[in-house]
Amino acid sequence: MLAASPILKAQLDPFREHNRIPKLDELITALDFEPVFHAKLPRQVYNYTAYGVDGEFTLRRNRQAFDWVDLVPNVISHAATPATATELFGTKMAYPILVSPTAAHVALHPEGEAATRQGTTAASNTPMIVSNVASLPIEKIGAAATGPFWFQLYAKEDPELNRETLDRAQAAGCRAVVVTIDQQASAYEREMHDRNLTPASGRRGSTREVKPRTPYRIRDFRLFQDWKLFAELRKMVKVPLLAKGIVTAEDALLCLEHGLDGVYVSNHGGRSLDYGPSTLEVLPEIVDAVKGRVPVLFDSGVRRGSDVLKALALGASAVCLGRVPRWGLGAYGAPGVQRVLEIMQAELVQAMAATGCPSLAAIDRSLVRTDFP
Ligand SMILES: Cc1cc2nc3c(=O)[nH]c(=O)nc-3n(C[C@H](O)[C@H](O)[C@H](O)COP(=O)(O)O)c2cc1C
């Protein structure tokens with residue numbers, strides 16, 4: 001009787017029972033989507049999106065780093081209608097914003113990546129980078145909407161498996177391939193706790209079961225990788241090829257040496273190596289090393305239009321969003337993805353206007369003052 005008591009249930013989970021889910025147009029910033037996402041999804045699904053590796057120092061630092069960058073406005077500079085259009089690898093984009101590859105969208109919404117792609121397409125054709133561990137087949141995601149999409153690969157040791165995956169992604173119409181090279185042996189403490197405390201939810205998709213392969217807890221994701229991999233992959237990829245997970249100038253130069261068409265600065269949203277730097281702190285040294293030879297993409301910690309502007313000022317060619325569109329999808333499906341992206345786009349325009357940037361070309365390092373510790 002006690003277990004069935006609605007009063008007791010409400011006390012155990014007060015957020016779900018007592019809070020009204022706001023309507024989509026009531027949300028003002030991307031950050032407003034996270035509590036709705038939290039309220040609507042099973043706890044371990046929420047946690048899977050939220051957590052970072054180990055003690056989550058780098059996860060926190062990714063956000064903190066934006067506080068260490070001030071914006072320095074040009075007050076009068078005719079920025080009434082900031083121009084945000086750009087082009088990346090031949091794809092025209094209304095804003096320098098993409099959606100980062102993230103896993104398993106069916107756990108967030110029954111329509112999964114198909115809904116994400118509809119939302120990104122509706123948001124002025126924002127390019128979506130489809131994860132290698134998407135819940136739906138790439139053909140289905142490709143056919144779900146008309147906006148541009150890229151494909152992200154987690155390389156396998158067997159080249160034939162990579163070839164098969166890349167052939168399918170390219171046949172489905174991906175316009176670039178991003179190979180994720182970080183997160184080689186990451187451990188998620190929160191995921192391990194969840195495994196012990198709550199059963200995995202089979203209903204809306206569940207997070208992966210954690211099975212350490214060694215007594216030392218090392219999760220052997222992709223420890224076989226080395227830079228020679230790219231010579232092999234280059235032959236399989238007809239579209240631009242990038243490496244994702246770059247956090248040093250040295251590795252950015254290795255990308256160029258190995259013939260890559262772009263560098264994707266990322267620490268996997270604080271999910272790869274704890275006590276690594278925030279990506280914003282390392283962005284300038286990477287941009288200086290690359291010297292404009294290839295585009296530099298950036299993610300990890302971006303939540304506001306002013307964050308996008310700061311990354312552009314420190315030299316990023318475009319900025320990607322990981323958790324933000326996941327919150328939109330989990331909270332409201334495709335319309336949520338669209339809305340959260342439109343909020344980020346509008347905030348970028350607003351931040352450009354407020355700092356006196358009439359166009360993306362006018363954004364440079366003079367726009368920011370950095371005070372990284
Ligand atoms: C829940 C989740 C799943 C992710 N899955 C992938 C993935 O499948 N492939 C990948 O390259 N990166 C993956 N990432 C990393 C994102 O591409 C991106 O680097 C990161 O989310 C950016 O940080 P942000 O969430 O603070 O924007 C994932 C991130 C999250 C939060």
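The values are calculated or read from the model by the stated rules, or taken from the named source; none is laboratory data. Predicted model only: the values in this text are computed from it and were never measured. Backbone-built Cβ (ideal geometry, glycine too); neighbour counts: all protein chains shown.
Considering (1) part of a strand (DSSP E or B); (2) within 11 Å of the ligand (Cβ to nearest atom), the lone condition that Glu87 does not fulfil carries the number (2).
Take the residues in the range 108-122 that are surrounded by fewer than 24 Cβ atoms within 10 Å (Cβ to Cβ) and not polar (S, T, N, Q), then tell me which one is farthest from Gly333 (Cα to Cα).
Initial filter on the range 108-122 (surrounded by fewer than 24 Cβ atoms within 10 Å (Cβ to Cβ)): 110-112, 114, 118, 121-122.
In the following step, the residues that additionally are not polar (S, T, N, Q) were identified as 110-112, 114, 122.
Working: Pro110: 9, Glu111: 8, Gly112: 8, Ala114: 10, Ala122: 12 Å.
The residue in question is Ala122.
Go through the range 315-334 and count every residue that is assigned to a loop (DSSP other than H, G, I, E, B) and either within 9 Å of the ligand (Cβ to nearest atom) or surrounded by fewer than 24 Cβ atoms within 10 Å (Cβ to Cβ) (or both). Count: 4. A single member of Ala122, Ala79, Ala145 is in contact with a Cys (Cβ under 7 Å, 6 or more places away or on another chain) and more than 16 Å from the ligand (Cβ to nearest atom), and it is Ala79.
So that you can scan it fast, the table gives a plain yes or no per residue for (1) at pLDDT below 95; (2) touching a strand residue (DSSP E or B) at 6+ places or on another chain (Cβ under 6 Å); (3) within 29 Å of Glu232 (Cβ to Cβ); (4) surrounded by 17 or more Cβ atoms within 10 Å (Cβ to Cβ):
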| site | (1), (2), (3), (4) |
| --- | --- |
| Ser124 | no, no, no, yes |
| Leu153 | no, yes, yes, yes |
| Glu157 | yes, no, yes, no |
| Thr165 | no, no, yes, yes |
| Ala172 | no, no, yes, yes |
| Thr207 | yes, no, no, yes |
| Lys211 | yes, no, yes, no |
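For the range 107-177, which fully contained helices (runs of 4 or more DSSP H) count at least 1 residues that are farther than 26 Å from Pro295 by Cβ and within 17 Å of the chain's Cα centre (by Cα)?
Values: elements: 112-122, 138-143, 159-172.
The qualifying helices (runs of 4 or more DSSP H) are 112-122.
Going residue by residue through the range 49-70, is there one that turns out to be within 17 Å of Ala331 (Cβ to Cβ) and crowded, with 16+ Cβ neighbours inside 10 Å? Full working, then the answer.
From the range 49-70, those within 17 Å of Ala331 (Cβ to Cβ) are 49-50; that's our starting set.
Filter once more, so that each one left must be crowded, with 16+ Cβ neighbours inside 10 Å: 49-50.
So far as the range 49-70 goes, yes, one or more of its residues are within 17 Å of Ala331 (Cβ to Cβ) and crowded, with 16+ Cβ neighbours inside 10 Å.
Counting only residues that are surrounded by 24 or more Cβ atoms within 10 Å (Cβ to Cβ) and over 20 Å from Ala353 (Cβ atoms), which one in the range 292-313 is farthest from the ligand (Cβ to nearest atom)? Per the criteria, the residue is Val296.
Do we have Thr102 as part of a loop (DSSP other than H, G, I, E, B) and within 14 Å of the ligand (Cβ to nearest atom) here? Criteria met by Thr102.
Within the range 325-351, residues that are charged (D, E, K, R) have Cβ atoms under 9 Å from residues that are outside any helix (DSSP H, G or I) and modelled with pLDDT of 95 or more in these pairs: Arg326/Thr102; Arg326/Leu108; Arg339/Leu27; Arg339/Ala123; Glu342/Ala123; Glu342/Ser124; Glu347/Thr29; Glu347/Arg304, counting only partners at least 6 apart in sequence or on another chain. Between Glu113, Glu160, the distinction of being among the charged types (D, E, K, R), within 13 Å of the ligand (Cβ to nearest atom) and within 28 Å of Asp261 (Cα to Cα) belongs to Glu113 only. How many residues does the range 228-250 contain that are of a type outside the set (Val, Ile, Thr), at pLDDT 95 or above and surrounded by fewer than 19 Cβ atoms within 10 Å (Cβ to Cβ)? Looking only at that region, the number is 8.
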